[in-house]
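Notes follow once the structure below has been shown.
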Amino acid sequence: MVTLKDVAKDAGVSIATVSCCLSGSRNVKPETRVRIMDSIEKLKYIPNSSARNLKTADSRRIGVVLTDIDNFYHAEIFKGISAELQSKGYHISVAFSNNSPDIECEKIDDFISSNVSGLLIITSQPGNQEFFLSRMKHYNIPSVFIERRPRGIDSSFAGFDNDRTVCFLTEKLLEKGYRNIALLSGAQHFSSESDALNGYMTALSSCGLPYNPDMVQITNMSKEDAFKAMLNHPYLEQLDAVIATSGTIAAGVLEALSVQGICVPDDVQLLTLGEESWNHASSAPGMIHTERTAFTLGRKAAELLMGHIKSPLLFEEQNVIFSDDIIHRELPLKAPRRRKTAPSSQKPLRILMPDMATAHSAKLLSRNFTLQTQIPVEIDFSPQHHLLKEIITDMERPESRYDIYMYDVPWLEYLVQNGSIANITDFVNGDQFQRSALIEGSLNNCIYESKYYGVPIVSGSQIMFYRKDLFENRAVQKAFKEKYQISLRPPRTWTEFNGIASFFTRSFNPDSPTEFGTSVAGIIDEEFAPEILIRLWAYGGKIWDKYNRVCLNTPENVKALQSILSTIRFTPSGPFETSIKQTVTDFCSGRTAMLVTYTEYANEINSSIRDHIIGRAGYQALPGKSPASVGWILGLSPCTSQPDKAFSFFRWLYQKDISIYMTILDGQSPAVAPYHNHELLKLYPWLELTEESFSYCHKRTGPYSSRSLIIPRNRIEKILCDIVKDIIRNGTSIENALEAAQIEMKALFQSYGYPKPIHLLT
């Protein structure tokens, strides 16, 4: 057992100094305090049990760890806790983990170190047996877990019998003739959620029906994630009932059904685990709420804890399981009604889109457009690197297939010169188009020679993700400072980025908590080019000057290439074998410490890290603040016979609720609304950083002259990527590779009429 003496020895101070530092009885120099806290973190010191028992006998302070301040069910439980403890003269200190295991550990350690009498916990890490044993059990700290049962330890627990409740709900639905019953729950490592799934499966089995795992959707228990899960449900059109394991999940489900024009309870019966309340008028019409006595659960948990505090050594751990009152009454269920969708007589609006998150979000929501306008929509997807060719091919057909094309911003000039998109300036400048709903600059991406050739559908940027839990870890910070003589922080320059990437790469630092510092995507040039460009821009480099003359072989470009070559040393594999999706997977699984990628992947990263329970993600502007912008445009086909329908689709896209839905569904809306919605900003904190980055983003465009042809961007970026390939694969020096590329790029420019004749340069 680590003692105060051990901490003092490790920190090189007296025992009295450590004691004063912890108690705050007198001031301790900042540098001394840092050394002491480093030692406490390294040695995992917690006040010993005998000292705790002497101090806590009369402290009468209880530490309560909850997951989220906005969770209504947990708030009701806390009301019960508060009522019981305060009536007995206890003081309550509350902390929120935000469902983050490392924050929960930190808060529990803080409570233990400050000598609370006991702990009440709704845990976000039920499987962390080692932590709970080394804290509560080892130091004999009275504790009661609520709602989520910890695994592998003998501890007091209070919760509801979700198994029995969900089994009851499912059986009643089946008896009434419902068959396509979905279950939306939280993560299955929480006992409350796994119990609900078990009850659902038991009911199906008892009725002789097979269990279909596709009918079950797992969420992060937010209404936004439930909304997304419901819209993505593979059997959405066939469902006749949905069971949600919380009111928050039910709220997201209800919104998703409403967006799709599915009525509750006429089309789908929605049931949710709820809380006891006399105020039934506030419930959503037609939704069935169960009646958990959450307040009583909180009181009982507090009562259990007080019994443990009174007899800390001889208290026998107890499990108290409450029944949901709904199982004692009949459910107001109607017979299920099979929905019928009448086929539309209208010609569908046909859209060609890239195979990316925003496009799939638009397709999920397109039924809402049809409900509003009666115009059916058909959306086809193409791989991003094939899309431009497909647009050109469609224009060459005797009769084009599509009314709308979604295209990348850098293709604008090329498509206009080839006559592949229509001029819609009159529509954009008309009274029915809400320009004020868009982010400043997004619409400017659609301008060519003062005319509009589309409306924006994607507006995004690149940001840097980093393992915030590691960057804030005291032991990691100390090791970094010893190595580099500076404090560990999210990097602000590419030199700093590479230094930190080296520190977090095990082959360069055997003590690194991650295997690699970062990942670089380069399996196709379209993914690798931005990795080069963001360094080029940061160092002041460029490919051509203001006169459209090639200028690759410069000192600034040499520095940029040195930077990316250095970065590649700290990655799991060569960039030419790595996709963007693989870099995201590397980061989410804990294999890498940092990642530069597009905001499109932010929600996936945030959710995946939480699901893997590996820590927390932080968000930061790119080193050098020179990100590549992401912009996609919806353009009107010149051959369409349905321009008015297309314009209706454009207007629908910028409705406030639709732009928010697009953001929740992993889209990157160009509308203002999502970036100023307080609920989304709390759930998606990177939105604020993304909006800020719009002011300093760089566009991936080519040279432009009204007297010359437009060079396809992919041809420019291929030469740029070939520079790095030549260096890595052939051992060519940076200077020689740049010189060879200079010659090739110059020939490309000349073939398209660049630069302008010398007499036109001035």
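The values are calculated or read from the model by the stated rules, or taken from the named source; none is laboratory data. What you see is a predicted model; the values in this text were computed from it and never measured. FYI the Cβ positions are ideal-geometry reconstructions off the backbone, even for glycines, and counts take in every protein chain you see. For accessibility, only protein heavy atoms count, side chains too; no ligands or nucleic acids. Shrake-Rupley method; radii C 1.70, N 1.55, O 1.52, S 1.80 Å.
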Measuring from label point to label point, each 7 Å out along Cα→Cβ, what is the Arg651 to Glu449 span in nm?
-> 3.0 nm
In units of 2.2 N^0.38 Å, what is the alpha-carbon radius of gyration of the stretch 610-679?
-> 1.56
By the C-alpha gyration tensor axes a ≥ b ≥ c (rounded if a/c is under 1.5, else prolate when a/b exceeds b/c, else oblate), the shape of the stretch 668-762 is oblate
Along the chain, longest interval not containing exposed GluC sites (Glu not before Pro), exposed being DSSP loop plus at most 13 other Cβ atoms within 10 Å = 1-315
Which residues qualify? For Val630, with a placed amide H closer than 5 Å and at least 5 residues away or on another chain, they are Gly460, Ser461
Would you mind classifying the stretch 593-713 by shape? Square roots of the alpha carbon gyration tensor eigenvalues, ordered a ≥ b ≥ c; an a/c under 1.5 is rounded, otherwise it is prolate if a/b is larger than b/c and oblate if not.
-> oblate
Quantify, in whole percent, the carbon and sulfur part of the accessible surface of the chain (1.4 Å probe; protein heavy atoms only).
-> 49 percent
If you count the DSSP beta bridges with both ends in the chain, what percent of them are antiparallel, to the nearest 5?
-> 35 percent
Computed over the stretch 54-169, Cα set: Rg, Dmax in Å = 14.3, 50
Using a simple spin-label model with points 7 Å from Cα along the Cα→Cβ vector, what separation in nm is obtained for Leu689 and Leu331?
-> 4.4 nm
In angstroms, what radius of gyration and Dmax does the stretch 188-275 have, counting Cα atoms only?
-> 12.7, 34
What is the magnitude of the charge dipole of the chain about its Cα centre, with +1 placed on the Cβ of each Lys and Arg, -1 on the Cβ of each Asp and Glu, and no other charges, expressed in debye to the nearest 20?
-> 1460 debye
Per residue, in Å², the accessible surface of the chain once ligands and nucleic acids are set aside, probe 1.4 Å | 43 Å²
Hey, what angle do you get for helix 357-373 against the long axis of the chain, alpha-carbon based, 0 to 90 degrees rounded to 10?
-> 90 degrees
Which three extents, in whole angstrom, do the alpha-carbon atoms of the stretch 649-707 cover along their principal axes, largest first?
-> 48, 29, 16
Which trypsin sites (Lys or Arg not before Pro) does the stretch 489-579 hold that lie in a coil by DSSP with at most 11 other beta carbons within 10 Å?
-> Lys546
Extent of the stretch 393-525 along each principal axis, from alpha carbon coordinates, in Å, largest to smallest?
-> 66, 35, 22
At most 12 other Cβ atoms within 10 Å and a DSSP loop assignment: could you name the chymotrypsin sites (Phe, Trp or Tyr not before Pro) in the stretch 407-437 that fit?
-> none
Relative contact order (percent) for the chain, with alpha-carbon contacts under 8 angstrom and 6 or more residues of separation?
-> 11 percent
Could you point to the residue in Phe111, Trp411, Gly441 farthest towards the positive end of the chain's charge dipole, with +1 and -1 charges on the Cβ of Lys/Arg and Asp/Glu respectively?
-> Phe111
Largest-first principal axis extents, alpha carbons of the stretch 226-371, Å | 76, 38, 23
MRE, 222 nm, helices only [DSSP H, n ≥ 4, -39500 (n - 2.57), over the chain, to nearest 500] = -13000 deg cm²/dmol
Per DSSP, loop chymotrypsin sites (Phe, Trp or Tyr not before Pro) in the stretch 243-336 with at most 12 further Cβ within 10 Å | Trp278
Rounded to a whole number, what is D in µm²/s for the stretch 675-730 from Stokes-Einstein with the Kirkwood radius over alpha-carbon pairs (4 °C, 1.567 mPa s)?
-> 86 µm²/s
Based on alpha-carbon positions alone, could you give the equivalent ellipsoid semi-axes of the stretch 101-182 from the gyration tensor, as √(5λ), descending, whole Å?
-> 36, 12, 10
Equivalent ellipsoid semi-axes, the stretch 146-235, via Cα gyration tensor eigenvalues times 5, rooted, Å | 23, 18, 10
Which shape class applies to the stretch 66-107: rounded if a/c is under 1.5, otherwise prolate when a/b exceeds b/c and oblate if not, where a ≥ b ≥ c are the square roots of the Cα gyration tensor eigenvalues?
-> oblate
Top positive-direction residue, dipole computed over the stretch 619-740 with Cβ charges, set Pro643, Cys721, Trp632 | Pro643
For the chain, with +1 on Lys and Arg beta carbons and -1 on Asp and Glu, the positive-most of Ala475, Thr571, His386 along the dipole | Ala475
Work out Dmax and Rg for the chain from the C-alpha atoms and quote the Rg first, both in angstrom.
-> 30.1, 97
Averaged over all viewing directions, the convex hull of the alpha carbons in the stretch 346-465 casts a projected area in nm² of 9.2 nm²
